[in-house]
Amino acid sequence: MPSVVLAMTGASGAPYGLRLLQVLIRTGHDVHLLVSHAATRVMAAEVGLDLDLKSFDPRVLLETQVRPVPGTTESPGRLWYHGLTDFSAPVASGSAPSAGMVICPCSMGTLAGVAQGISSNLIHRAADVHLKERRKLIVVPRETPLSMIHLENMQRLTAAGGIVLPAMPGFYHQPQSIDDLVDFVVGRICDQLQLGIGLTSRWGTPGESDS
C-alpha cells in the first residue's frame, strides 16, 4: 500500500493534523511526517504539546488526544519523520511512490510557497513533487478572513491540480463535541485520499458511518 505524506504547518488547527495522523496509522497506512517549527508553536498553544524538533520522537503525536478510530487494524502503519532540510528523504523525489500528500493544517505562507513553486523546505518540495507527478495534493487551510492574495494562491494551486479543502466542518451530522467537528474534516480528507475510512455519518444516513 503506498504511503501518505502528511505535513503539519503553522496555521491554527493542530487537532485536525493530529487526528488525521492517528487515523492513518491506526488503520494500517504508512505515513511520512513533516512538521514545521511554526507547527510546534501552534501545537503548544492548542493541545499543550511542547515539542523540540531537534530531539523529536514523532510517536508522541500518536499518544496525544487519543480517541477511538473506526476500522483500526491489528497491524498499524509505519511512521517516518523527516526534518525540513533533509532533501535526501524519499518524499523529495518523484521516484518514491505515494498515495497522496496532505498539508494539514496549511498556513498561508506554506500555501504561497507551494502555489508559486518555491521549494525552500522539504514540505514545499514534497508538494511540488506531488503536483508534477499528478498525484493527490490536499491542502487544508485554516484562516479567516481571506485576502485576495490568499484566494489567488488557492486558485493557482487548484489550477495546478491541487485540492483546497478548508477546515470547514459541517453540522448536518449533529455534532455533539469539538471532536465530532474535527472528525468531519478529517473524514473529508480521507475521502479525497479514497481510503474508505468513515468517521462521521453521511448526508442522508444520520447516525451511521461508513466504518
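The values are calculated or read from the model by the stated rules, or taken from the named source; none is laboratory data. Everything numeric in this text was worked out from a predicted model, so none of it was measured. So basically every Cβ, Gly included, is an ideal-geometry build from the backbone, and we count neighbours across all protein chains shown.
In this structure, is residue 118 in a loop (DSSP other than H, G, I, E, B) and either in contact with a strand residue (DSSP E or B) (Cβ under 7 Å, 6 or more places away or on another chain) or not polar (S, T, N, Q) (or both)? The answer is yes for residue 118. Screening residue 97 with (1) exposed (fewer than 14 other Cβ atoms within 10 Å of the Cβ); (2) not in a loop (DSSP other than H, G, I, E, B) gives one miss only, at (2).
Select from the stretch 34-58 the residues that are in contact with a strand residue (DSSP E or B) (Cβ under 9 Å, 6 or more places away or on another chain) and at pLDDT below 95 and write down the one among them that is farthest from residue 80 (Cα to Cα). The residue in question is 51. Whether any residue in the stretch 4-23 is surrounded by fewer than 22 Cβ atoms within 10 Å (Cβ to Cβ), in contact (Cβ under 8 Å) with a residue 40 or more places away in the chain and not in a helix (DSSP H, G or I) is what I want to check. So far as the stretch 4-23 goes, yes, one or more of its residues are surrounded by fewer than 22 Cβ atoms within 10 Å (Cβ to Cβ), in contact (Cβ under 8 Å) with a residue 40 or more places away in the chain and not in a helix (DSSP H, G or I).
Taken residue by residue, the stretch 33-45 has at least one member that is within 15 Å of the chain's Cα centre (by Cα), within 12 Å of residue 4 (Cα to Cα), of a type outside the set (Ser, Thr, Tyr) and not in a helix (DSSP H, G or I).
The one condition from (1) surrounded by 13 or more Cβ atoms within 10 Å (Cβ to Cβ); (2) within 19 Å of residue 106 (Cβ to Cβ) that residue 45 does not meet is (1). For the stretch 25-46, residues that are free of Cβ contacts under 8 Å to residues at least 60 places away in the same chain and under 21 Å from residue 199 (Cα atoms) total 5.
The condition of being buried (at least 19 other Cβ atoms within 10 Å of the Cβ), under 22 Å from residue 30 (Cα atoms) and modelled with pLDDT under 95 holds for residue 199. From the list 167, 159, the lone residue that is touching a strand residue (DSSP E or B) at 6+ places or on another chain (Cβ under 7 Å) and either modelled with pLDDT of 95 or more or not hydroxyl-bearing (Ser, Thr, Tyr) (or both) is 167.
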